[in-house]
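To start, the structure itself, in structure tokens.
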Amino acid sequence: MSINRIYIVGAGVISKSHVKALMKMSESKMIKLSVADPNQLALDSFLEQFPHVQSFTSMKEMLAEPAASNDIVIVATPPFTHYELSLEALQSGRHVLCEKPLAMNRDEAVRLLEAANRMNKHIGCCSTRFLDIVTNNKVKRMLEEGLLGRVYQLKFINRKHRSRTGIEYQPSTRWFLDRSKSGGGTVMDWGPYDIACLNDLLKPVRVDVLHAWMENPETFLPFGNEVIFDTEQHAGAAIVFHLKDGSKVNVTYERAACTHGDEQSIVELEGTRGSVRWDWLCLKESAEVVYTIDQDGQAVKQKFSFPVDKNINPFDKPILFFYNALHGQDSRALMDEDAVFNFSCLRAIYECAESDQPITVERRRA
Ligand SMILES: NC(=O)c1ccc[n+]([C@@H]2O[C@H](COP(=O)([O-])OP(=O)(O)OC[C@H]3O[C@@H](n4cnc5c(N)ncnc54)[C@H](O)[C@@H]3O)[C@@H](O)[C@H]2O)c1
């Protein structure tokens, strides 16, 4: 078995979770790891935890050696750098797994796909952390078995009082709050997972974002005027998912990392024969799927409880899925057309909110 080389760009918070995931893999001894970050403090903190990783102060220097066919570059830097770094890594002749969100806008994402195709390499996105989850898989099976009849509505609502990345979560990393660096707020941060889950479930061939809005509710801020904070922290959209069989599902999408309203987490799919509500994140010990059907004119609930798989945590999935896909194994990796389609659906929410016009995204390969 030959050595596989994995190059990590960025030695910040998320890079460490990729290394931990790689260290759990059965092939870990056959993987050679390198990391590049111009920030010496970040590099020192990374190397303290993972002294076996070879370090560099620039990606260019790290990727200077000739590429091997299975080399993977993980781009784990802030979003405003994703396009340039992923492009350069692809052009070096390596596969690229880029952190979520894939890019800053649709144009960049399409150009990455074109570069990957030109180089005969794959571009993947880390928006897979909440795929292949026991409850989502159960709901997918229920859909395949036709237990809901014709599905027509999905509510996907996740609202937190205060859960802003860059303030309550990871306050040391303020770039999350600056749109020129993050590309957006809670929708760029959590939306990649939301859309990955919705597209995995419904497999739309076309998505119409009919209406979208974005706000940043006012609250006390634990910093002065020197911090740029211009990202949305509450957003909503009315979206129509067009399915392969010609049917449509009306999606009510809402995400809040700051709201003065109540906290809520509702993921519910309704069909002509039944509805299902489920825990789509599975972050607790066990998770439920609640199926409601009609019995003699009455609504009757059936509950399914599942223990949550503790052997694999969401942070392990992106590199594990991508690695497995490249090695010809069954995998839920999001790559190439799929990654760009998902990202385009996400950006369509921003484009619709900004233009006040409906935005359509077509899947190029159904
Ligand atoms: N923090 C999380 O919990 C989390 C979870 C999932 C995904 N992500 C995603 O991971 C990415 C990085 O987030 P983070 O929280 O690790 O950020 P971070 O700020 O902790 O780390 C980013 C690192 O990238 C480095 N960097 C910047 N430009 C670089 C360049 N040109 N070459 C090499 N290194 C460079 C910085 O010096 C920094 O050390 C983002 O896209 C984010 O959305 C973060």
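The values are calculated or read from the model by the stated rules, or taken from the named source; none is laboratory data. Model, not experiment: these values are computed from the prediction. All Cβ positions, glycine included, derive from the backbone under ideal geometry; neighbour counts span all protein chains shown. Surface areas here come from the heavy atoms of the whole protein model, side chains and all, with no ligands, DNA or RNA. Shrake-Rupley method; radii C 1.70, N 1.55, O 1.52, S 1.80 Å.
Details
- Gaussian network model of the chain, Cα within-10 Å springs - most flexible of VAL249, VAL227, VAL19: VAL227
- Among beta bridges from DSSP that stay inside the chain, the antiparallel ones total about 65%.
- Using the Cβ of PRO79 as centre and a radius below 12 Å, the other residues enclosed give a net charge of -1, where K and R count +1 and D and E count -1.
- If you run the Gaussian network model on the chain, springs between alpha carbon atoms under 10 Å, then out of ALA196, ALA64, ALA76 the most flexible one is ALA64.
- Once all protein chains are placed together, GLU268 keeps about 30 Å² accessible to a 1.4 angstrom probe.
- Residue pairs, from the table LYS16/LYS60; LYS140/LYS310; LYS16/LYS138; LYS100/LYS248; LYS100/LYS303; LYS16/LYS203, whose Cα atoms sit over 25 Å apart: LYS16/LYS138; LYS100/LYS248; LYS100/LYS303; LYS16/LYS203
- Euclidean distance between Cα centres, region 169-204 to region 331-366, Å: 13 Å
- For the chain, the relative contact order comes to 19 percent (Cα pairs under 8 Å, sequence separation of at least 6).
- Carbon plus sulfur fraction of accessible area for the chain, probe 1.4 Å, in percent: 50 percent
- Per-residue ellipticity at 222 nm computed for the chain from its helices equals -9500 deg cm²/dmol, with DSSP H segments shorter than 4 residues left out and the rest contributing -39,500 (n - 2.57).
- Radius 11 Å from Cβ of ARG106, net charge of other residues (Lys, Arg +1; Asp, Glu -1): -1
- In straight-distance terms, cross-link reach from LYS32 covers every one of the aspartates and glutamates whose alpha-carbon lies under 12 Å from its own, apart from those fewer than eight places away in the same chain; here that gives ASP71.
- Rolling a 1.4 Å probe across all protein chains gives GLU27 an accessible area of roughly 40 Å².
- Surface per residue (accessible, 1.4 Å probe) for the chain, Å²: 46 Å²
- Region 235-293 versus region 12-42: alpha-carbon centroid distance in Å: 34 Å
- Of ALA299, PRO171, GLN49, farthest towards positive along the dipole that unit charges on Lys, Arg, Asp, Glu beta carbons give the chain: ALA299
- Rounded to the nearest 10 Å², the accessible area of PHE80 at probe 1.4 Å: 90 Å²
- Region 149-256 - share of DSSP beta bridges that are antiparallel (%, nearest 5): 70 percent
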